[in-house]
Every structure is written in C-alpha cells, then in structure tokens.
1. Once you put a point 7 Å from the Cα of L289 and another 7 Å from the Cα of K35, both along the Cβ direction, what distance in nm separates them?
2. Going by Cα centres, region 384-433 and region 305-382 are how many Å apart?
3. At a threshold of 8 angstrom on Cα-Cα distance, excluding pairs fewer than six apart, so keeping six or more, what relative contact order does the chain reach in percent?
4. If packing is taken as the average number of other Cβ atoms within 10 Å across a peptide's residues, how do 393-400, 108-115 rank, most packed first?
5. In whole Å, how far is the Cα centre of region 54-83 from that of region 108-141?
6. Quick one: angle between helix 388-401 and the longest Cα principal axis of the chain, in degrees between 0 and 90, rounded to 10, please.
7. What is the packing order of peptides 28-39, 321-332, 265-276, 169-180, taking the mean over residues of other C-beta atoms within 10 Å and listing the highest first?
8. What is the distance in Å between the Cα centres of region 215-243 and region 264-299?
Amino acid sequence: MPSTGTGTGTTKPPRILIVGGGYVGLYTALRLLKKLRKGEASVTVVDPRPYMTYLPFLPEAAGGNIAARNLVAPLRPALKGAEVVTGHVVAVDHLAQTATVVPAAGDEYELPFDYLVVATGSVSRTFPVPGLAEHGIGLKTVEEAVSLRDHVLWQLDKADSTTDPEVRRKALTFVFVGGGFAGVEAIGEIEDMARDAAENYGNISRDDMRFIMVEAAHRILPEMGPDLGVWTMRKLEERGIEVYLDTSMESCLHQHVVLKNGVETPASTIVWTAGVKPSPLLADFGLPLGPKGHIDTAPTLQVQGMDHVWAAGDNAQVPDLASGEGAWCPPNAQHAVRQALVLGDNVIARLRDDEPRVYRHKNLGAVASIGLHKGVAILFGKYKLKGRPAWWFHRLYHGSRVPTMNRKLRVFLDWTLAVFLRRETVGLPAMAHPRDAFVDASLPEPLLRRADRANSLS
C-alpha cells in the first residue's frame, strides 16, 4: 500500500494524485517528474491497469500487424520516481482531500492528496440495443483487440470445417457499427486479415465473406471532411464491403442483426465502435459536469470552481481557444498529449504560486489507415493525402507518438518484419479460457465438455 501521509501540516511533501494512467495520466506524470524539484512534491498514479495503451494502433493489433504487447507502456518502468497503484479510485472527498482506492487485491483505503488530476478517460458509448451486451465486441482496450482477432480467425476455422450452410453464413458475416476512425480502421484491417487468411483454407474465399459497416450519420470519417469521407467509402465498397449510411442497428438478438433500413442477416461477429463517453466513475468524484458527463474545465485545465483539481483528455470538456467561442477540444490523442504538458506545468505553477497558462493548440490534422498500404490524411486543415502516401504518413506519425523508445523500436520492428514475412493468421480463441484443457483432464466426460466450450466460442 502506498504511503498515506499528506503534505498538509507534516514534513512530507505534498502529494499530486493522478487518477488514470492513460495519455493524460502518463504524460502529466512524466512532465511533473521532469520539472519538479527534489522533495517539492510526490506523484502517485492510480489506474486499474499497470500499463498505458496506445489506442490508435488497436485496429492494427486486431489485424495482426503489431504485437499486442508492443502497444502498451508499463507504468512502473516508465514512471520511475512516481508511486504507481494498481486499482480504482471510486470516490473523492474534496473537503478532507482524500480518495477512496479499491486496489487490485485487499481492502479499500483512503488515500490523502493535496492536488488532484482526473484523467479517467472514456468508455464505449452504447445504446439499449437488444442483444448488444451479449454479442457485441468493443475496441477500446488491447484485450478487446486481441480477442477480436482471435474471434474472427475462429469464425474462419468454423466455416471451413462445417457442412451446415447456415452456420457457415453466420460465421462469415462481419458487422461493424460506427463509421468514425475506430470503425473504419478496424473494418479495413480485419477485412485485409481475413482476405489473407482465406488463402490458407480449402473451403473459403473472400467471396464467401460478407463485411457490413453501419453508420447513423450521412457519411463516414466526418472529421476528414466530405471529400475524403466519400473517397474512403468508395474504396471500402471496391473491396466488397457494404456501407450503410443514415441507419443504425435495431437488434442483434441471438446474433441476428436487424438494421433500421430493413437489412437483416445472421452474424457471429458484431463490432461496436459507435463513439465513446466519459468514465461513469466521475459521478462519484464530486466535480462539476457538463451536459454529456464531461468535467467542466477552464482553459487552464483547472476544474471550474476548484483550485486543487485539474482534468484533461476524454473525460473533460476543454475550451478549444483555437476554434473560437463555444468550441470544445475533440477527444483525441493529439489533444490529450498536449493538454497533459500544459496541465503538468500548471500544477507546478500552483505549487510555486506562479501564473498558469491556458491551453491553446490548433489541430494539426488527422490520419486514418484503412488496411495495408491504404489510408487517408488531412494535414493542417488543407493538405489532403490518399492511398499509400497517407498510409505511410499514418505509420510515421503514430509510430513516433508511441510512448517510450522501447515500444517505438518494437513497433517499427514489427512493421519491418512484415515486409519480409507473410502476415500471421493463427487465432488463439482458447486464450480466453486458458484453464479449459486442465479442467477437461480433471473432470469426467472431457470430450463432451470440450465440445460445449467450443460452441460457446461462437
């Protein structure tokens, strides 16, 4: 358990508590550790996972282009000099300046702090669609990306082995809900992987598969503007991907997908990438929240009405001064990393009774990969790239943004090896239940139990 002393009225330095170890949490902690004087303050980071995930590469992990472990930066090696607690902060008492921590093991306890940084990030935004909770697959964590990859390859194994045409049709139908960055990149990478994998099966070709993208808006990739969105949609359709705009999924009970436009199909794979929302934990943090549940912050990233709390990233509504009155910074990695640097400086300014600075950053643009050697990009709001040049820019930009030199080198090594070696298309669906083989060997009727588990993987 971390030390529980606080700087108030003691000889211990004040504690800066950072809730969350994602983009904002990691980069704020790094900034503080770099700029704090010796003994000026201590830094504690609390997160339920002992690592930070580089989210823009989740689709590439799902497609098998990057090893999943190379997308995560372990917090303890990256934050030498900080206290890292694996657990959840479930409540905050601002009067007592304590946070209630539920650790990964053991009883909950109160952790005192002097300054608080809230960086809990976001979770998948879902709707009450019948069957979604039972059959939907998200793409917000590296675990979900790995699971999606194994699941898709398992569907190909099933389809190749069965003699039942309905089982085969269901296994080879892949539905992606959401046409933003995550959805477009995911369907592009997964379609590429499935196309490559089909060459290893005697009874499957790409023509046997059905890929469907569902988007409630009137175009995909709205952040890219209409031209690139239309171009991307056309390229997806040329690859045999069905794209349905201005529609939504009404139901997926029993893995039978029903769309609002009347399309119906059985589908064993239903990927949900229809946006994000702030972490629901914020409801118990005693902070002022905006209409969509984000923390209301000033341009200095200080929480409105609180002189000891800061917030940034996906869980905060940060005024976008570069865009004008009433605009908010979009929830993307580009803003989160840059906000973290300003936030760290402003916490130190508060410690030293200096003036804080406001966050102002003009969006540099956006990049999206839609499969191997295919992409779109818009730079500085005016330069547009398509195809292979955009794909190269996507890789160079995001490869340079991966935290820690260790992870950067590993990612670029994965890409280099892929130039000379074929894509690995082996799925490990049993990884979700690693003890099954041992349980089968320990209990009666193991073959029957194994068959039941195989059916559960569908």
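1. Placing both labels 7 Å beyond Cα along the Cβ direction yields 3.0 nm.
2. Each part's Cα centre sits 25 Å from the other's.
3. Computed over the chain, the figure is 17 percent.
4. So the order, starting with the most tightly packed, is 108-115, 393-400.
5. 18
6. With both axes taken from Cα atoms, the answer is about 40 degrees.
7. So the peptides 28-39, 321-332, 265-276, 169-180, ranked by packing, come out 169-180, 265-276, 28-39, 321-332.
8. Going from one Cα centre to the other spans 24 Å.
Each reported figure results from applying straightforward, stated rules to the coordinates on display, with no laboratory input. Remember, predicted model here, so these are calculated numbers, not experimental data. Methodologically, a virtual Cβ is constructed for each residue, glycine included, from the backbone with ideal geometry; neighbour enumeration extends over all protein chains shown.
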